[in-house]
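Quick notes on the structure that follows.
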Amino acid sequence: MTPSFSRRAALLTLTLILGTGWGGQGGAQDTTVPAVPVETPPTTPPLPGTPSPGVPLPEVPLPEVPPVETPEPAPDPAPEPPALPLTPAPEPSPVPPAEAPQPQPQLPQLPQPQVPQPQMPSPTPPAQGQTGTEPAVPVQKPVAAKPPVGSGVRGLWVDAFGPGLKTRAQVTQMVDDAARMGVNTLFVQAIRRADCLCLKASVPKATDPDLEKGLDPLGLAVRLAHARGMRVIAWVAVTGIANAAAPNTNPAHISHTHGPTAGAASWMARRPDGSWLEGNDGWLDLGIPEAAEYAIQGVVSLVKNYGIDGVQLDRIRYPDGDVWGYDPKVLARYRAETGRSGTPSVSDAVWQDWKRQQVTNAVRRITLEIKSLRPDAWITAATITYGQPPAPGDLAGFRKTRTYGDVLQDWPAWMQSGLIDLNVLMNYKRDAVAEQGQWFDGWNAFARGVQPRPDGLSAGVAAGTAMYLNGAPVTANQAQRSVGAGLGWVGYSYRTPTLDVYGAKETTAQGLDTVQKLLTAPGAVLASPAPWKEKPPTTRGLMGRITGTPVPGFRVVEALQGGQVVAHTMTDGSGYYGFAALPPGKTEVRVSGQRWVDTVPERGVVRLPDLTVRDLKPVTASPVPVTPAGLTPAKP
């Protein structure tokens, strides 16, 4: 599909110095138009629905394991890993803070849009001389309520840590099994650790010795699944880039070119002591602009080269522990953008907010780049639900969770600002363990409560359940509860469909047969298979970039329509910014004293020309004042 770009974006890059303005509307940058007075809050302005800075975290029970964190077998044949114990292990002790954080006041929250309820006509009494069975005027039939976005998803994750995608026969069998079960969407692992189970991505091919020579697993899965009426979402581990036990052997892989021994060229996320391994895994640091760009282009390349129906962003976060981000390049950028000095403590709220913004920046850029290519591609994310959930609608409670304060994922803001179309909760709970059954339902309820967007649309939610941690009856029951609450359902995983399969007590085929019988029983979620044909809620947007300054990141960008600020965002480390939930129409963008007017289309993404800014003073000439609520970045 031809991208929807502004013609000016391809023809014009403007260089403007503060104080110099070229007039005009409808696609003209203008520094002479007087700014619309906007009250600037003393804290970092949030995105629509963006929560306020983090607060100290309570201790919470054992986190669940996300999809890509399933242990991978060694290259040689090895037995399946043992089942996880049914008793939660104690939480690791938190890293002692170097300085106690100050109390964090709440930022004002944007009001939730009111979802209109369908108006039902009142019965009309019979006219004189008529019977009660024949009304005087026809009674309108009630309009059926539109189902919640994403509620029609019935999916399976298909991982690449064992059989399922490594040979032509396995892919064919997997699609046949999924069709027989009645699912309508396959979340197929594509980019695993900065390498692909495919042949046409911008990242190298996976060097798995079990991978059939010449096979393109993603391409084959798309062709076979589409022929059976199923959608395929390419599942990508965005920041997981290396595994010490099973490294990619291609010399061009970034674990070699930008790995832990690459010195100043390293892209690895690091602790304060410089260590980089989390278990056997190495992670990419999104605070390094070149590293973020590499990851972004890897995801976008899948949409360019395959007929997939969307992408899923997994590991779109920092590793567990909130002790990451201490690469010298990241620290230097943080100081330059914020005016802060020294090395931040792991509990520094400003530091946490800044890192959290790097994750959101990557989500935004991926979404807008993909929507500029294919507006109808679904952007989904596999999100964290560690521990006890907040109450429905309690965004302040969400900011106390490990999701927000530990791994630095702000997925309610992603949903409400249009950055993801479908949130697939990794709601990995075991009903038989303590309060986890209640937690499961609670996270589903909280996510449903943050679906509405300020533009009147809604993001979708599906519950991802841990089939591998539960018996088939629990899986069927969790799926039923999720669908009954208005969510879709996705099971992890095809390869390990039951706890007994994960514990090597039965084969995958036996587990699939067991769970299929319960999921397809009368009244169960797969009893009446139906395709998922829904269009994503986000199909348009606006994006651009600032240049001309050595410090392009962490600058506030405002979007105005009708002379009023309707949204604001931040530039990333490369100067990119954008919006994904703006109404169509003429829109003015303001950033660092520059402005541009263009039109947000009904469909597609308008790409603005680069706006070149000139800082009259060094950005770090004097520290930016710090308020208890956080740091105020550069203003428009």
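The values are calculated or read from the model by the stated rules, or taken from the named source; none is laboratory data. Note that this is a predicted model, so its numbers are computed, not measured. With ideal geometry, Cβ positions are generated from the backbone for all residues, glycine too; neighbour counts draw on all protein chains shown.
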How many of the residues making up the stretch 554-564 are in a strand (DSSP E or B) and closer than 18 Å to L611 by Cα?
6
Across the stretch 162-177, what is the number of residues that are of a type in the set (A, V, I, L, M) and in contact with a Phe, Trp or Tyr (Cβ under 7 Å, 6 or more places away or on another chain)?
1
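Here is a yes/no grid of residues against (1) surrounded by fewer than 22 Cβ atoms within 10 Å (Cβ to Cβ); (2) without any contact (Cβ under 8 Å) to a residue 60 or more places away in the chain:
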{"residue": "N243", "(1), (2)": "yes, no"}
{"residue": "A246", "(1), (2)": "yes, no"}
{"residue": "A252", "(1), (2)": "yes, yes"}
{"residue": "S255", "(1), (2)": "no, no"}
{"residue": "A262", "(1), (2)": "yes, yes"}
{"residue": "L277", "(1), (2)": "yes, yes"}
{"residue": "N280", "(1), (2)": "yes, yes"}
{"residue": "L286", "(1), (2)": "no, no"}
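Given the condition of a type in the set (D, E), surrounded by fewer than 22 Cβ atoms within 10 Å (Cβ to Cβ) and over 30 Å from S372 (Cα atoms), answer yes or no: does some residue in the stretch 394-403 qualify? Even if it seems obvious, please write down each step before you answer.
Just the residues of the stretch 394-403 that are of a type in the set (D, E), to begin with: 394.
Add one more test, that the residue is surrounded by fewer than 22 Cβ atoms within 10 Å (Cβ to Cβ), and what stays is 394.
Subset that is over 30 Å from S372 (Cα atoms): 394.
Yes, the stretch 394-403 contains a residue that is of a type in the set (D, E), surrounded by fewer than 22 Cβ atoms within 10 Å (Cβ to Cβ) and over 30 Å from S372 (Cα atoms).
Is it the case that some residue within the stretch 368-376 is without any contact (Cβ under 8 Å) to a residue 40 or more places away in the chain and either surrounded by fewer than 24 Cβ atoms within 10 Å (Cβ to Cβ) or not hydrophobic (A, V, I, L, M, F, W, C) (or both)?
Of the residues in the stretch 368-376, the ones without any contact (Cβ under 8 Å) to a residue 40 or more places away in the chain are none.
No: the stretch 368-376 contains no residue that is without any contact (Cβ under 8 Å) to a residue 40 or more places away in the chain and either surrounded by fewer than 24 Cβ atoms within 10 Å (Cβ to Cβ) or not hydrophobic (A, V, I, L, M, F, W, C) (or both).
Taking the conditions exactly as written (surrounded by fewer than 22 Cβ atoms within 10 Å (Cβ to Cβ), assigned to a helix (DSSP H, G or I) and out of contact with any Leu (no Cβ under 9 Å at 6 or more places or on another chain)), does A391 satisfy them or not? I'd like the intermediate steps shown before the answer.
Working: surrounded by fewer than 22 Cβ atoms within 10 Å (Cβ to Cβ): yes; assigned to a helix (DSSP H, G or I): no; out of contact with any Leu (no Cβ under 9 Å at 6 or more places or on another chain): yes.
It is false that A391 is surrounded by fewer than 22 Cβ atoms within 10 Å (Cβ to Cβ), assigned to a helix (DSSP H, G or I) and out of contact with any Leu (no Cβ under 9 Å at 6 or more places or on another chain).
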Flag if L331 is more than 17 Å from the chain's Cα centre (by Cα), in the same structural domain as L419 (by TED's automatic domain parsing), surrounded by fewer than 24 Cβ atoms within 10 Å (Cβ to Cβ) and closer than 30 Å to R231 by Cβ
no
Checking the structure you have, find out if any residue of the stretch 335-346 is in a loop (DSSP other than H, G, I, E, B), within 22 Å of R271 (Cβ to Cβ) and touching a Pro at 6+ places or on another chain (Cβ under 6 Å).
yes
Filtering the stretch 167-191 down to residues that are in contact with a helix residue (DSSP H, G or I) (Cβ under 7 Å, 6 or more places away or on another chain) and either closer than 11 Å to P217 by Cα or not in a helix (DSSP H, G or I) (or both) yields R168, V171, T172, L186, V188, A190, I191
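Taking the condition of being assigned to a helix (DSSP H, G or I), among the charged types (D, E, K, R) and under 23 Å from R453 (Cα atoms), how many residues in the stretch 394-442 meet it? Lay out the reasoning, then the answer.
Residues of the stretch 394-442 assigned to a helix (DSSP H, G or I): 395-398, 402-405, 411-416, 436-442.
Within this subset, residues satisfying the condition of being among the charged types (D, E, K, R) are 402, 441.
If we keep only those that are under 23 Å from R453 (Cα atoms) too, we end up with 441.
Residues flagged as assigned to a helix (DSSP H, G or I), among the charged types (D, E, K, R) and under 23 Å from R453 (Cα atoms) within the stretch 394-442 amount to 1.
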Report yes if R364 is under 26 Å from A445 (Cβ atoms), out of contact with any Cys (no Cβ under 6 Å at 6 or more places or on another chain) and of a type in the set (D, E, K, R), otherwise no.
no
Return a yes/no flag: does the stretch 190-204 have any residue that is exposed (fewer than 15 other Cβ atoms within 10 Å of the Cβ), assigned by TED's automatic domain parsing to the domain that holds A295 and at pLDDT 95 or above.
yes
Residues of the stretch 351-378 being of a type in the set (A, V, I, L, M) and in contact with a Phe, Trp or Tyr (Cβ under 9 Å, 6 or more places away or on another chain), which ones?
V359, V363, L368
Could you grab me the full set of residues in the stretch 474-490 that are within 24 Å of the chain's Cα centre (by Cα), buried (at least 20 other Cβ atoms within 10 Å of the Cβ) and farther than 16 Å from N423 by Cβ?
Q478, A479
Listing of strands (runs of 3 or more DSSP E) fully contained in the stretch 565-614 that carry 1 or more residues being under 16 Å from P552 (Cα atoms) and touching a Lys or Arg at 6+ places or on another chain (Cβ under 9 Å):
576-579, 585-591
